[in-house]
Amino acid sequence: MKAIPTQARAKQKRAALIAAASECFVSYGYHNTTAKTVASKAGVATGTFYQYFENKEDMLRVIAKQRMEELYQQVPSATEFLELSSNVEKATVKPGATERIFHQVLELIYAFHEQAPELHQILEQRKELDPELAEILGQGEKMLYDRVLMFVNRFNIENADAVAFNLFAMAEGLVHRQVFSRPMQSKALTLQLGAAMLASYFDNL
């Protein structure tokens, strides 16, 4: 990736190109989007595109990195996330506490995926062909997974990593089904029932 400019005017041009590229990827698809179409959408010359980006692959990585930075701002700290007592025995956790935690997890994953879902799908498809893009996206998934693992580690549970992985995979699967397929129920109901299902799985370990 090329260095981010420091001058205000250059920053504005770069931001306009990023916004234009996001729209072009969604409207025309990845393969039909070119530096020329992005530059035209942003109202600048094609040469300007190459002042800030190597190619459209580089542009997609920049978009992914920007999405990860937005996710970092949304995800609460570990202290804020874990609204439980200092006890480490599951038996001492107040009724409904685990369900509230998993509701938070689902909300975080949902918020990340419902922002430009078409663009998210393109990123998911392209990461299979671009290791650098996969690494950028993996950082966001790892952060969400780590929040689940922090919660699981509060309790004396064997194979905590595997339990956290299963919980995160189930949560992400629910969100993918709701966002990327024709939803069979409302978002609110998905979050409510999904949180109850995850809490039931965890509470019965």
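The values are calculated or read from the model by the stated rules, or taken from the named source; none is laboratory data. What you are looking at is a predicted structure, and each value in this text was computed from that prediction instead of being measured. Neighbour counts are summed over all protein chains in view; Cβ atoms, including those assigned to glycine, are modelled from backbone coordinates with ideal geometry.
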Exercise. Any idea which residue in region 164-197 is surrounded by the most Cβ atoms within 10 Å (Cβ to Cβ), counting only those that are hydrophobic (A, V, I, L, M, F, W, C) and over 23 Å from A97 (Cβ atoms)?
Worked result: V179
Exercise. If G96 passes every condition in (1) modelled with pLDDT of 85 or more; (2) on the phi > 0 side of the Ramachandran plot but one, which one does it miss?
Worked result: (1)
Problem set entry | Every residue from region 123-141 that is touching a residue at least 60 places away in the same chain (Cβ under 8 Å) and among the acidic types (D, E) | D130, E132
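Does any residue of region 113-122 turn out to be outside any helix (DSSP H, G or I), on the phi < 0 side of the Ramachandran plot and in contact (Cβ under 8 Å) with a residue 40 or more places away in the chain?
Restricting attention to region 113-122, the residues satisfying the condition of being outside any helix (DSSP H, G or I) are 115-116.
Imposing the further condition that a residue be on the phi < 0 side of the Ramachandran plot reduces the set to 115.
The next check asks that each one be in contact (Cβ under 8 Å) with a residue 40 or more places away in the chain; those that pass are 115.
The answer is yes, given that some residue of region 113-122 is outside any helix (DSSP H, G or I), on the phi < 0 side of the Ramachandran plot and in contact (Cβ under 8 Å) with a residue 40 or more places away in the chain.
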Seminar exercise, completed: Scanning region 151-186 for residues that are aliphatic (A, V, I, L, M) and closer than 13 Å to F202 by Cα gives V152, I157, A160, A162, V163, A164, L167, M170, A171
Problem set entry | The lone exception for M184 - which of (1) more than 21 Å from the chain's Cα centre (by Cα); (2) in contact (Cβ under 8 Å) with a residue 60 or more places away in the chain it fails | (2)
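Among the residues of region 20-41, what is the count of those that are more than 19 Å from R126 (Cβ to Cβ) and small (G, A, S)?
Just the residues of region 20-41 that are more than 19 Å from R126 (Cβ to Cβ), to begin with: 36, 39-41.
Filter once more, keeping what is small (G, A, S): 39-40.
So the count comes out to 2.
Can you tell me which of F151, F155 is over 18 Å from R67 (Cβ atoms), part of a helix (DSSP H, G or I) and modelled with pLDDT under 85? Let's see the steps before the verdict.
On the way: F155 fails: part of a helix (DSSP H, G or I).
On inspection, the qualifying residue turns out to be F151.
Look at E107 and say whether it is among the acidic types (D, E) and either touching a Cys at 6+ places or on another chain (Cβ under 8 Å) or farther than 30 Å from H31 by Cα (or both). I'd like the intermediate steps shown before the answer.
On the way: among the acidic types (D, E): yes; either touching a Cys at 6+ places or on another chain (Cβ under 8 Å) or farther than 30 Å from H31 by Cα (or both): yes.
When the stated conditions are applied, E107 passes them.
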Exercise. In region 140-163, is there at least one residue being out of contact with any helix residue (DSSP H, G or I) (no Cβ under 6 Å at 6 or more places or on another chain), surrounded by 13 or more Cβ atoms within 10 Å (Cβ to Cβ) and acidic (D, E)?
Worked result: yes
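Please determine, by comparing only the residues of region 107-118 that are in contact with an Asp or Glu (Cβ under 9 Å, 6 or more places away or on another chain) and surrounded by 15 or more Cβ atoms within 10 Å (Cβ to Cβ), which one is modelled with the highest pLDDT.
At the first step, the residues of region 107-118 found to be in contact with an Asp or Glu (Cβ under 9 Å, 6 or more places away or on another chain) are 109, 112-113, 115.
Those left that are additionally surrounded by 15 or more Cβ atoms within 10 Å (Cβ to Cβ): 109, 112-113.
On the way: I109: 84, F112: 78, H113: 81.
Filtering first and then ranking leaves I109.
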